[in-house]
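Quick notes on the structure that follows.
The values are calculated or read from the model by the stated rules, or taken from the named source; none is laboratory data. The model shown is predicted, which means the values in this text are computed figures rather than measured ones. As a convention, Cβ positions derive from the backbone with ideal geometry for all residues, glycine included, and neighbour counts pool all protein chains shown. Only protein heavy atoms, including side chains, enter the accessible area calculation; ligands, DNA and RNA are left aside. Shrake-Rupley method; radii C 1.70, N 1.55, O 1.52, S 1.80 Å.
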Amino acid sequence: MVTFPGSNCDYDCYHVVQDVVRQPAVYLWHKEHHFDNCDVIILPGGFAHGDYLRTGAIARFSPIMREVVDFAMRGGLVIGICNGFQILCEAGLLPGALLRNRSLRFLHRPVYLRVEKNDTPFTNAYRKDQVLKMLAAHGDGCYYNTPEEIKKLEAGGQVLFRYCDREGNVTEAANPNGSLNNIAGIVNSSGNVMGLMPHPDRAAEAILGSADGAGIFFSMVARFAGLVVA
Amino acid sequence: MKEPEVNIALAKKLGLTEEEYQKIQGFLGRMPTYTELGIYAVMWSEHCSYKNSIALLKTLPREGSALVAKAGEENAGAVVLDEERVIVFKIESHNHPSAVEPYQGAATGVGGILRDVFTMGARPIAALNSLRFGNLGDPRVRYLLDGVVRGISDYGNSFGVPTVAGEVYFEDCYTGNPLVNAMAVGLAKRGRLVRAIATGVGNPVFIVGSSTGRDGIHGASFASKEITDESEEDRPSVQIGDPFTEKLLLEASLEIIKKDLIVGMQDMGAAGLTCSTSEMAAKGKAGIEIDLDKVPLREKGMTPYEIMLSESQERMLVIGKKGREVEIREVFEKWDLNCVQIGEVTDTGRVVVKFLGRVAADIPAESLVLGGGAPVYNPPRKKPTYLENGVKSVKTPDPPKDLGKVLLDLLASPNIASKRWVFQQYDSTVRTNTVFGPGYDAALLRIRGSKKGIAVKTDCNARYCYLDPRRGAAIAVCEAARNVVAVGAKPMAITNCLNFGNPGDPEVYWTFAEAIAGMGEACRALETPVTGGNVSFYNEDPTRMVYPTPVIGMLGILDDIDKATSSHFQTEGNWVYLVGETKPETGGSEYMKVLTGQVAGVVPTLDLKTEKKIQAFVLNQISAGIMESCHDVSDGGLGVALAEMCIGNQERKFGFALEAKPTLRPDLFLFSESQSRFVVEIKPQLTYKLEEAVKKENIPLLKLGTVGGTEFMFSPHFHLSIEEFSNAYFNSIETKIG
């Protein structure tokens, strides 16, 4: 769990990994350079460095990001949630950008996501086309890229999650922020870096209204336990 | 810069009276300097001294076995949660700043109340608010609403505290002077609460956080006068918020507390450095000497007067332990925050302020503060003429022909309609403890590491308070308690935010005194003491004053979070009952307002014994595990309560067949706002338990009908499709805002 100044979901991700998924978790301060024992790096949600400029634009220069990039280049699993997704885009680890929501307002509400692909280290606990309930909480969540790049993403099977309705229909009405092709989560072309706009960390326990998000964390555990090939 | 000459004219300009000016000279034994006069003016302003309210506030019940900190003693009240932990909570107004600069006004209101909580060593776990505006048809009102909501949203979201509950009302009396009350709730270790105190001669005094600028000078004085056409010129008195710095300040503050490096800490809110130094010194029966040349400044050429009165945000005054200075600095360095020693604690009992080598102020700390030298007034009271002139005698409206249409109108009334447009802009789930967020009777948070949960809610029906301040305030307490009970929690204590007009007006002061009396009666009856809060007077614009609006922030504790009860229907086929008695009471109701445009009549009766008995009964049944859902009956009466239970959960809406045969006129049965009532949903096979229990305790119970179908049906009066009344309820505010 990387803690940037202004991160505020580091605690939530830590809780899910430690108490729900029951795997050892550590906080990494953004000025650190060493995380030799980590299998997965999570960039949590929040407002890193205040996000007074473009979201994630300063965080990508945080000292730890150099190591995060190296780690990803070596094939390590990296996942960015919400603000973490924005930072991964700014750092060039994921293609595209996250623009201001279509409504130009911060939006907090439950959203449904359709699993587009389940042979990845992040989604192997789900069925393809499974509908998941998670929480959206963002001001800049509109996924954007050039038409050519979008085509490439789609062709390469890099879109992992799409906004949909409760029945799994991908509709304009189910798109909370104007994201192109209803894209909610993507993976890089090598398949080891994922960004997701809604919060699986807030939807990992039934008492909070949904436990669907825990599957992402369990997927990664399964992959390290050698239970799946992906 | 040459300082102005100190004389009575200047004193008056700063808001002091002639007597107060004399009193200052008495305390000092000489003429005050310009800086000293400014310090007295701001410390003796209504906002800091509570000079017109403290005598009455002291009549409120302020003790209870569960309370750790007594009202007014610390920055916020504290209630015992379990053996290891306490809940710290407080509500505060930011009305005047929000009236001229809604975005920053509301944002810094949130920032200020969060600091009040974490300065005590508690990590904020929830934020709430209570907002009041004029009519949504007025474009300036929409501008104010938009700015206030964005301000709360941006500050709370970025800081990382979930905004879990609140209320929003629209009434013409708030057109020029909206009410923006912000509440924060925090969790702290029981033995680790930090006090706002300066003790230990030689202990270092640090200023930490943001640097000091010219923003917010006279903010406290600005809050202590009415809104006028010239108020726009006070825009510079509004502070600017920086939630990112606040978040860093939170982490650094909690770190120095955890490492046991300090003896006391106070946030710099109203009156900034002035208030924090004098209050901390007075409380510790000590003195503080500071050197303003050391204060990190944002701009050049600031005078001692400006530095002492600046209300720049995200700053704290920290009294460190001698010998731990280096460790304290290291913590703030890690978080990239200023941390500068500007002085030390002395034994003189005086606040001494040095600037460029000379003494700019030298004042006995005690003489400045509430409970010390600050004046205490008992303004005259007179029953308002509007109450003498029969606002109470109003005819009950004739029964309308189409009750279904009236219900739709009520559901679409902005005061009742869903506030989804507002609360979707708030992050209500960060920190992953929110079990119930906005849209429930009260917000409910789990407390990790225990079975317990806490329920919180803000409430006030200001129309009742306008028509009958005493009963209205008592109802506000009871309704807040009812909301907390409905989710399954036991009401524990309140914080209050008392929004009134000019206390110099005897009619206003009468309503204030009555409201305090009513609040005290209800708090005593329900055993929910007052842990603290805030008074905001001078809430008026040139044409009108606001309704007396004593907002209650209630804290409840739930021993077993698994017993949490939803406010929305759960299962088709379940039976629904009304607990409590319905009388023909439409005075001050939303029904009366929607039908006749009037705010008039006799406020619904309230019997505190009955209220307490019914709350205890409902809580017992929830603990016994027989309730599937539970909702209090308030604005809009039974009809609205049932509709809300049908559609409150947007993902699972239900129809309902209202089969009861009322003895009252059907419109009064549906829309009366009689107090002390709950609607409850029970599995058919368990209803006998409820029916037995009410007999034993002699509590009125009426079977209303069955959950299910695709309509809200009350034959022969109406059949409303779920879609129809759902649209009225959910789309009304969005449509009006456009």
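Which one is nearest to the chain's Cα centre (by Cα), of the residues in the stretch B:166-213 that are of a type in the set (Gly, Ala, Ser) and under 15 Å from B:VAL148 (Cβ atoms)?
B:ALA182
So which residues in the stretch B:198-227 are hydrophobic (A, V, I, L, M, F, W, C), modelled with pLDDT under 95 and part of a loop (DSSP other than H, G, I, E, B), if there are any at all?
B:ILE217, B:ALA223, B:ILE227
Scan the stretch B:576-593 and tell me whether some residue there is assigned to a helix (DSSP H, G or I), more than 30 Å from B:SER231 (Cβ to Cβ), modelled with pLDDT of 95 or more and in contact with a Leu (Cβ under 7 Å, 6 or more places away or on another chain).
yes
How many residues are in a helix (DSSP H, G or I), among the small types (Gly, Ala, Ser) and open to solvent by less than 10 Å² (accessible area, probe 1.4 Å) when one looks only at the stretch B:159-197?
Of the residues in the stretch B:159-197, 0 are in a helix (DSSP H, G or I), among the small types (Gly, Ala, Ser) and open to solvent by less than 10 Å² (accessible area, probe 1.4 Å).
Quick one: B:GLN650 ticks every box in (1) open to solvent by 10 Å² or more (accessible area, probe 1.4 Å); (2) away from chain A (no Cβ under 14 Å) bar one, so which box is it?
Status for B:GLN650: all satisfied but (2).
Among the residues of the stretch B:539-550, count how many are in a loop (DSSP other than H, G, I, E, B) and surrounded by fewer than 23 Cβ atoms within 10 Å (Cβ to Cβ).
Selection size over the stretch B:539-550: 2.
For every residue, the table says whether it meets (1) among the hydrophobic types (A, V, I, L, M, F, W, C); (2) on the phi > 0 side of the Ramachandran plot; (3) part of a strand (DSSP E or B).
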residue	(1), (2), (3)
B:GLU330	no, no, no
B:ASP336	no, yes, no
B:ILE342	yes, no, yes
B:VAL345	yes, no, yes
B:VAL352	yes, no, yes
B:VAL359	yes, no, yes
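Can you report the number of residues in the stretch B:435-470 which are open to solvent by less than 10 Å² (accessible area, probe 1.4 Å), within 23 Å of B:LYS247 (Cα to Cα) and not hydrophobic (A, V, I, L, M, F, W, C)?
Total meeting the criteria: 0.
Could you please find all residues in the stretch B:156-177 being away from chain A (no Cβ under 14 Å) and closer than 18 Å to A:ARG109 by Cβ?
Passing the criteria: only B:VAL168.
The rows are residues; the columns are (1) of a type in the set (Val, Ile, Thr); (2) in contact with a helix residue (DSSP H, G or I) (Cβ under 8 Å, 6 or more places away or on another chain); (3) away from every other protein chain (no Cβ under 14 Å).
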residue: A:GLY141; (1), (2), (3): no, no, no
residue: A:ALA155; (1), (2), (3): no, no, yes
residue: A:ASN175; (1), (2), (3): no, yes, yes
residue: A:ASN182; (1), (2), (3): no, no, yes
residue: A:VAL187; (1), (2), (3): yes, no, yes
residue: A:ASP201; (1), (2), (3): no, yes, no
residue: A:VAL221; (1), (2), (3): yes, no, yes
residue: A:GLY226; (1), (2), (3): no, no, yes
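The conditions are (1) within 14 Å of chain A (Cβ to nearest Cβ); (2) open to solvent by less than 20 Å² (accessible area, probe 1.4 Å), and B:PHE244 fails exactly one of them. Which is it?
Failed condition: (2).
Of all residues in the stretch A:114-171 being of a type in the set (Lys, Arg) and under 29 Å from B:GLY437 (Cα atoms), which is surrounded by the fewest Cβ atoms within 10 Å (Cβ to Cβ)?
This residue is A:ARG166.
Yes or no, residue by residue, for (1) within 15 Å of B:GLU344 (Cα to Cα); (2) touching a residue at least 60 places away in the same chain (Cβ under 8 Å); (3) surrounded by fewer than 22 Cβ atoms within 10 Å (Cβ to Cβ); (4) not aliphatic (A, V, I, L, M):
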residue	(1), (2), (3), (4)
B:LYS259	no, yes, yes, yes
B:GLY269	no, yes, no, yes
B:ALA281	yes, yes, no, no
B:LYS285	yes, yes, yes, yes
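Filter the stretch B:288-311 down to the residues that are buried (at least 24 other Cβ atoms within 10 Å of the Cβ) and among the small types (Gly, Ala, Ser) and list them by number.
If the condition is that a residue be buried (at least 24 other Cβ atoms within 10 Å of the Cβ) and among the small types (Gly, Ala, Ser), then B:SER310 is the only one that fits.
What are the residues in the stretch B:691-738 that are assigned to a helix (DSSP H, G or I) and open to solvent by 40 Å² or more (accessible area, probe 1.4 Å), if any?
B:GLU691, B:GLU692, B:LYS695, B:LYS696, B:GLU697, B:GLU723, B:GLU724, B:ASN727, B:ASN731, B:GLU734, B:THR735, B:LYS736, listed by residue number.
In the stretch A:204-219, what residues are more than 14 Å from every other protein chain (Cβ to nearest Cβ) and either part of a loop (DSSP other than H, G, I, E, B) or over 17 Å from A:GLY75 (Cβ atoms) (or both)?
Those that are more than 14 Å from every other protein chain (Cβ to nearest Cβ) and either part of a loop (DSSP other than H, G, I, E, B) or over 17 Å from A:GLY75 (Cβ atoms) (or both): A:GLY215, A:ILE216, A:PHE218.
Assuming B:GLU344 fulfils every condition listed in (1) among the acidic types (Asp, Glu); (2) open to solvent by 70 Å² or more (accessible area, probe 1.4 Å); (3) away from chain A (no Cβ under 14 Å); (4) under 34 Å from the mean Cα position of the chain (by Cα) apart from one, which condition is it?
Every condition holds for B:GLU344 apart from (4).
Output yes when any residue across the stretch A:176-183 is touching a strand residue (DSSP E or B) at 6+ places or on another chain (Cβ under 7 Å), small (Gly, Ala, Ser) and open to solvent by 10 Å² or more (accessible area, probe 1.4 Å), and no when none is.
Yes: the stretch A:176-183 contains one or more residues that are touching a strand residue (DSSP E or B) at 6+ places or on another chain (Cβ under 7 Å), small (Gly, Ala, Ser) and open to solvent by 10 Å² or more (accessible area, probe 1.4 Å).
From (1) of a type in the set (Val, Ile, Thr); (2) under 27 Å from B:SER623 (Cα atoms); (3) out of contact with any strand residue (DSSP E or B) (no Cβ under 7 Å at 6 or more places or on another chain), pick out the condition that doesn't hold for B:ILE733.
(2)
Considering only the stretch A:1-24, how many residues are among the charged types (D, E, K, R) and either over 25 Å from B:THR245 (Cα atoms) or open to solvent by 40 Å² or more (accessible area, probe 1.4 Å) (or both)?
2
Quick one: B:VAL359 ticks every box in (1) touching a Pro at 6+ places or on another chain (Cβ under 6 Å); (2) hydrophobic (A, V, I, L, M, F, W, C); (3) free of Cβ contacts under 8 Å to residues at least 40 places away in the same chain except a single one, so which number is it?
(1)
Take B:THR228 and decide whether it is farther than 29 Å from A:ARG202 by Cβ, touching a residue at least 40 places away in the same chain (Cβ under 8 Å), surrounded by fewer than 24 Cβ atoms within 10 Å (Cβ to Cβ) and touching a Pro at 6+ places or on another chain (Cβ under 8 Å).
Criteria met by B:THR228.
Go through the stretch A:123-144 and count every residue that is charged (D, E, K, R) and in a strand (DSSP E or B). Write out each step before concluding.
So the first thing to find is which residues in the stretch A:123-144 are charged (D, E, K, R), and the list is A:127-129, A:133, A:140.
Then drop every residue that is not in a strand (DSSP E or B), which leaves A:133.
Of the residues in that region, 1 qualify.
Against the condition within 30 Å of B:LEU445 (Cα to Cα), in a loop (DSSP other than H, G, I, E, B) and open to solvent by less than 20 Å² (accessible area, probe 1.4 Å), how does A:ASP201 come out, does it pass?
Considered against the rule, which asks whether it is within 30 Å of B:LEU445 (Cα to Cα), in a loop (DSSP other than H, G, I, E, B) and open to solvent by less than 20 Å² (accessible area, probe 1.4 Å), A:ASP201 comes out as yes.
Go through the stretch B:623-633 and report how many residues are in contact with a Lys or Arg (Cβ under 8 Å, 6 or more places away or on another chain), at negative phi and either small (Gly, Ala, Ser) or surrounded by 24 or more Cβ atoms within 10 Å (Cβ to Cβ) (or both).
4
So which strands (runs of 3 or more DSSP E) stay within the stretch B:379-474 end to end and still have 3 or more residues that are at pLDDT 95 or above and away from every other protein chain (no Cβ under 14 Å)?
Qualifying strands (runs of 3 or more DSSP E): B:453-459.
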